[in-house]
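Novice: Please see the structure below; I have some questions.
The values are calculated or read from the model by the stated rules, or taken from the named source; none is laboratory data. Everything numeric in this text was worked out from a predicted model, so none of it was measured. Reconstructed Cβ throughout: ideal geometry from the backbone, glycine too, with neighbour counts over all protein chains shown. What goes into the accessible areas is simple: the full protein's heavy atoms, side chains included, and nothing from ligands, DNA or RNA. Shrake-Rupley method; radii C 1.70, N 1.55, O 1.52, S 1.80 Å.
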Amino acid sequence: MKVCTPINIRYAETDMMGIVYHANYLLYFEDARTDFLKNIGVPYEEIEAAGYLSPVFNVEINYGTPLHYGEAAIVRTRVIVNRPTKTVYAYEVFKEGQDMDHDKPCCTGKSTHCLVEATTFKPVSIKKVMPRLFERYSEILEPEEA
C-alpha cells in the first residue's frame with residue numbers, strides 16, 4: 001500500500017539558491033509518515049496514547065531534481081521492512097503533475113524506526129505491545145525489489 005501526501009513548498013523551506021534546503025526533506029518524510037499511519041488506521045497519536053514513541057534511528061536521502069518555492073510536491077510512502085523491532089519506510093518525492101508510475105522522483109529516501117517505551121526509551125517489540133499495528137504493517141508490506 002502506498003499513501004500519497006501533498007506538500008506545499010514554502011519560502012522559508014528554501015535556501016539562497018531558491019531550492020528546498022536539503023534537511024527540509026526530512027520534515028516532508030515525517031509529514032508523510034504521520035499521514036501514512038493515519039491512512040492505515042493507526043494514527044501516531046494512538047501510539048503515543050498507548051505509552052510508546054517511534055524514534056528514527058537511521059535515515060537515507062538521495063537527491064535528484066530540486067524543488068522550488070511555490071511548487072507543490074507529493075510524497076509517496078510505503079513500508080518496506082516490518083520486523084518486531086524495526087520498521088522501514090520508503091519515500092518518493094514527486095513534483096505535482098509528474099507521472100508517479102513512470103517519471104523519476106525528485107528525491108527518494110528511507111527512514112528506520114523502532115518502538116520504545118515513552119517513559120524509559122527502552123525498545124519494545126511492536127508485535128508484542130502493538131499487535132494491531134504490526135499486523136497492519138504485515139498486510140500492506142511492499143518490500144523493495146532486488
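Novice: Report whether or not Val79 is open to solvent by less than 20 Å² (accessible area, probe 1.4 Å) and part of a loop (DSSP other than H, G, I, E, B).
Specialist: no
Novice: Right, another one. Being surrounded by 13 or more Cβ atoms within 10 Å (Cβ to Cβ), closer than 17 Å to Val3 by Cβ and at pLDDT 95 or above is the requirement here; does Glu96 meet it? Step through it out loud before you land on a result.
Specialist: Working: surrounded by 13 or more Cβ atoms within 10 Å (Cβ to Cβ): yes; closer than 17 Å to Val3 by Cβ: yes; at pLDDT 95 or above: yes.
For Glu96, the condition - surrounded by 13 or more Cβ atoms within 10 Å (Cβ to Cβ), closer than 17 Å to Val3 by Cβ and at pLDDT 95 or above - is met.
Novice: Those residues that are within 20 Å of Glu71 (Cβ to Cβ) and loosely packed, with under 14 Cβ neighbours inside 10 Å, I need them from segment 102-124; list them, please.
Specialist: The first filter runs over segment 102-124 and keeps only residues within 20 Å of Glu71 (Cβ to Cβ), leaving 102-109.
Result: His102, Asp103, Lys104.
Novice: Go through segment 44-72 and count every residue that is closer than 14 Å to Glu30 by Cα and either assigned to a loop (DSSP other than H, G, I, E, B) or not charged (D, E, K, R) (or both).
Specialist: Count: 9.
Novice: Inside segment 39-58, can you point out the residues that are closer than 21 Å to Lys110 by Cβ, without any contact (Cβ under 8 Å) to a residue 60 or more places away in the chain and surrounded by 15 or more Cβ atoms within 10 Å (Cβ to Cβ)?
Specialist: Answer for segment 39-58, where residues must be closer than 21 Å to Lys110 by Cβ, without any contact (Cβ under 8 Å) to a residue 60 or more places away in the chain and surrounded by 15 or more Cβ atoms within 10 Å (Cβ to Cβ): Asn39, Tyr44.
Novice: For segment 1-38, which positions are open to solvent by less than 70 Å² (accessible area, probe 1.4 Å) and among the acidic types (Asp, Glu)?
Specialist: The answer is Glu13, Asp15, Asp35.
Novice: Okay, next question. Are there any pairs, at least 6 apart or on different chains, whose C-beta atoms fall under 8 Å, with the first in segment 79-102 and under 27 Å from Ser138 (Cβ atoms) and the second part of a strand (DSSP E or B) and among the acidic types (Asp, Glu), and if so, which?
Specialist: Final answer for the pair search is Met100/Glu92.
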